[in-house]
Amino acid sequence: MVKDLGALLENKIIEECGVFGIYNVKNAAQLTYYGLHALQHRGQQGAGIATFDGEKISRYRGEGLVIEIFNSENISRLKGEYSIGHVRMGSDEVSGIENIQPLLVRSHTGDFTVAHNGRIINYEQLRTQLEYEGSIFQTSSSSEVICHLIQRQTGTFTEKIKKAIGKLEGSFAFLIMTEKNIYAVRDKNGFSPLAIAKLDDGFVISSETVGFEMINAQIIRDVKPGEIIKIGKKGLRSIMYTESTQKKMCSMEYIYLARPDSDIDGLNVHASRRMCGRILAQEFPCEDADIVIGVPDSSLSAAMGYSDGAGVPYEIGLIKNRYIGRTFIQPTQEERERGVKMKLSPVSNTIKGKNIVLVDDSIVRGTTSKYIVKLLKEAGAKAVHVRIASPAMVAPCFYGVDTSSLKDLISARMSLQELRDYIGADSLGFLSNEGLKKGLGNNICSACFDREYPTYLFGLDENFKKELKKLKN
């Protein structure tokens, strides 16, 4: 039984979360609300905002969308010029209001809050050790490990953060707000995006630059891998918590996760997707194509690029219904397929009798592609040639996105021909690994495509290790 229609249609990749922060700007909570709204695509399970009003830290959280959780009444109670916020995308196993961030720590040494995006791959080991040492966990969120680690260190608060981060492995970008400062932290490998901007006499931090545009903040730069930025009365202070750094931004940020109007590490997401689509057209042309269409929304830029490269007209062939409820019970196959039609509708007059190139950003489990190909053919498409603007996903991701098992990846189990037959396409082509790096540059993590993991996979459970061993054989 499928409870979430969006999960059925977008049976792809789930990003962990998004963070947003404001320092020394009036109405910080209101601005954070707008910033989180711009980051809503990074998480729809819950959201929260914490502020400091000069005396105490206040917080409000809820499950659902930002617009459903916050209103003028609860935002007006979040007073102050410092604020951090969070949008959450989690799993049913770790649902519940207690897991909605920012997490709040009340302590005799000073209160602080934490908002985290990413995945700590040695979380289980750290949590076991902390519990053995006496820590009592209140949530099932891996982010709580950060709070306990900070509390157990010695020195100034900045020194505590630096020592705590040194114990973490994985992908993370997080914000910490105290009664004096806000700290912005990015993992040493640069897997997760995080940038900082100027607004009036204060500063803004966001997972994506679209958060800045929402409130007219002017971007300064991206937070560097391995960097802590301390924001206080003296302005910005940069602290490197390790010298062992590398730039390996998650390639799926560009391919699928981020909004097209974001810039990540100096590269515009729309432009990068369009370039990959253009390269894909060179690598996998379709000689008898009449039109090119994209799967809304993340594939439209790549479809435009394919059209550019192939010299074939780009058309709108699929319309996404944005007003369907998030929950829809579909107990039968017929009703599930009808649910997809409610979410995604073909433009029959455009596609009827045409040889179509259907561009999508990725194939994970194959379910979505199969439904869409069937949808287009039922609407009268003469042929559907599927082109994927990323390489085939053949290895699990352990750093941040929700593809941590081989069973989630159909390309790891099927040949190109088998996958083409499964989804019902007339032809199928993926962007090459070389094409991906030509479009995005070499400073990316592409382990899910080429099995070249940029770090030692410390802290993985036995199932992960067994699957990884199978990949290498």
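Descriptive notes on the structure:
- Residues of region 194-232 satisfying the condition of being of a type in the set (Ser, Thr, Tyr) and part of a strand (DSSP E or B): Ser206
- Taken as a whole, the condition of being within 30 Å of Gly439 (Cβ to Cβ), of a type in the set (D, E, K, R) and out of contact with any helix residue (DSSP H, G or I) (no Cβ under 6 Å at 6 or more places or on another chain) applies to Arg186.
- Scope region 410-432; condition of a type outside the set (Gly, Ala, Ser) and either farther than 18 Å from Asp360 by Cβ or outside any loop (DSSP other than H, G, I, E, B) (or both); matching residues: Ile410, Arg413, Leu416, Gln417, Glu418, Leu419, Arg420, Asp421, Tyr422, Ile423, Leu428, Phe430
- Residue within region 259-275 that is more than 17 Å from the chain's Cα centre (by Cα) and buried (at least 21 other Cβ atoms within 10 Å of the Cβ) present: yes
- Scanning region 131-150 for residues that are surrounded by fewer than 22 Cβ atoms within 10 Å (Cβ to Cβ), closer than 28 Å to Arg42 by Cβ and in contact with a Phe, Trp or Tyr (Cβ under 9 Å, 6 or more places away or on another chain) gives His148, Ile150.
- Any hit, region 151-161, residues being in a helix (DSSP H, G or I) and among the hydrophobic types (A, V, I, L, M, F, W, C): yes
- Positions within region 233-252 being assigned to a strand (DSSP E or B) and surrounded by fewer than 22 Cβ atoms within 10 Å (Cβ to Cβ), in sequence order: Gly235, Leu236, Arg237, Ser238, Ile239, Met240
So that you can scan it fast, the table gives a plain yes or no per residue for (1) modelled with pLDDT of 95 or more; (2) aliphatic (A, V, I, L, M):
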{"site": "Gly400", "(1), (2)": "no, no"}
{"site": "Lys407", "(1), (2)": "no, no"}
{"site": "Leu431", "(1), (2)": "yes, yes"}
{"site": "Lys437", "(1), (2)": "yes, no"}
{"site": "Pro454", "(1), (2)": "no, no"}
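- Test: residue in region 390-409 that is surrounded by 22 or more Cβ atoms within 10 Å (Cβ to Cβ), touching a residue at least 24 places away in the same chain (Cβ under 8 Å) and not in a loop (DSSP other than H, G, I, E, B): no
- Scanning region 175-193 for residues that are small (Gly, Ala, Ser) and not in a strand (DSSP E or B) gives Gly190, Ser192.
- Inside region 114-140, residues that are in contact with an Asp or Glu (Cβ under 8 Å, 6 or more places away or on another chain) and either outside the structural domain of His41 (by TED's automatic domain parsing) or in a loop (DSSP other than H, G, I, E, B) (or both) make up a count of 6.
- Tabulated pairs, region 109-123, first crowded, with 24+ Cβ neighbours inside 10 Å, second of a type in the set (Asp, Glu) and at pLDDT 90 or above, C-beta under 8 angstrom, 6+ apart or interchain: Phe112/Glu179; Gly118/Asp187
- Matching residues in region 151-199 - criterion: being more than 24 Å from the chain's Cα centre (by Cα) and on the phi > 0 side of the Ramachandran plot: Gly155
- Boolean, Gly435 is surrounded by fewer than 24 Cβ atoms within 10 Å (Cβ to Cβ) and assigned to a strand (DSSP E or B): no
- Residue in region 219-234 that is farther than 17 Å from Glu169 by Cα, in contact with a strand residue (DSSP E or B) (Cβ under 9 Å, 6 or more places away or on another chain) and without any contact (Cβ under 8 Å) to a residue 24 or more places away in the chain present: no
- Inside region 50-81, residues that are more than 19 Å from the chain's Cα centre (by Cα) and closer than 24 Å to Ser262 by Cα make up a count of 1.
- Restricting region 129-173 to residues that are β-branched (Val, Ile, Thr) and touching a strand residue (DSSP E or B) at 6+ places or on another chain (Cβ under 8 Å), the residue that is nearest to Pro225 (Cα to Cα) is Ile165.
- Selected residue (criterion: modelled with the lowest pLDDT) from residues of region 43-98 that are among the acidic types (Asp, Glu) and out of contact with any helix residue (DSSP H, G or I) (no Cβ under 7 Å at 6 or more places or on another chain): Asp92
The values are calculated or read from the model by the stated rules, or taken from the named source; none is laboratory data. These numbers were taken from a predicted model, which means no experiment stands behind them. So basically every Cβ, Gly included, is an ideal-geometry build from the backbone, and we count neighbours across all protein chains shown.
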